[in-house]
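Taking it in order: structure first as structure tokens, then the write-up.
The values are calculated or read from the model by the stated rules, or taken from the named source; none is laboratory data. All values reported here derive from a predicted model rather than from experimental measurement. Methodologically, a virtual Cβ is constructed for each residue, glycine included, from the backbone with ideal geometry; neighbour enumeration extends over all protein chains shown.
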């Protein structure tokens with residue numbers, strides 16, 4: 001059944017980016033959506049058939065990602081260096097359990113490839129949080145409206161930093177750091193702050209980055 005849903009989505013929904021995520025009925029009507037839009041639609045379709053499914057959001061670490069863009073009427077600026085936000089579906093499929101299903105980062109149009117070849121199994125993709133009951137779309141729309149109606153201008157900057165670029169002496173007794181350290185703390189702090197005043201998760205990873 002899930003394979004049939006994937007086949008229908010591949011044939012009828014194309015990739016398209018918007019400043020805020022959309023409700024599944026909007027993506028369905030337009031036949032257009034980005035990573036989390038398509039994942040949300042798949043989740044809704046699965047749930048309508050009694051198949052457990054949720055949205056999962058994470059980050060992709062890839063040195064090829066370079067992006068600077070303004071959104072929300074110029075009130076939000078997003079800078080990405082080696083880091084991109086991405087969304088996909090988690091679908092429960094017995095007897096395997098919860099499996100990630102990626103609708104946008106797999107080139108093949110074979111429905112099963114969206115499960116078997118999903119990028120989330122790779123080491124450079126890290127899941128950050130699950131969306132199961134939250135008002136993910138509604139909160140994003142409200143956040144955009146609040147920020148655009150304010151005098152605030154926010155910059156969100158996420159960067160992948162190699163440990164070789166960090167020049168500091170290790171603390172006495174501290175364990176040796178790994179060769180590569182993925183540092184996203186600064187970006188995460190800004191993300192939390194912006195959520196409090198109104199923002200949406202920085203996304204926009206283009207297909208083919210992996």
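Has the stretch 66-88 got at least one residue that is closer than 16 Å to residue 137 by Cα, touching a strand residue (DSSP E or B) at 6+ places or on another chain (Cβ under 6 Å) and not in a strand (DSSP E or B)? There is no residue in the stretch 66-88 that is closer than 16 Å to residue 137 by Cα, touching a strand residue (DSSP E or B) at 6+ places or on another chain (Cβ under 6 Å) and not in a strand (DSSP E or B).
Every condition in (1) at pLDDT 90 or above; (2) under 19 Å from residue 8 (Cα atoms); (3) touching a helix residue (DSSP H, G or I) at 6+ places or on another chain (Cβ under 6 Å) is met by residue 90 except one, and the failing one is (3). Of all residues in the stretch 60-82, none are closer than 23 Å to residue 133 by Cα and crowded, with 19+ Cβ neighbours inside 10 Å.
Could you tell me whether any residue of the stretch 99-122 is over 13 Å from the mean Cα position of the chain (by Cα), at pLDDT 90 or above and either part of a strand (DSSP E or B) or surrounded by 15 or more Cβ atoms within 10 Å (Cβ to Cβ) (or both)?
Looking for residues that are over 13 Å from the mean Cα position of the chain (by Cα), at pLDDT 90 or above and either part of a strand (DSSP E or B) or surrounded by 15 or more Cβ atoms within 10 Å (Cβ to Cβ) (or both), one finds at least one in the stretch 99-122, hence yes.
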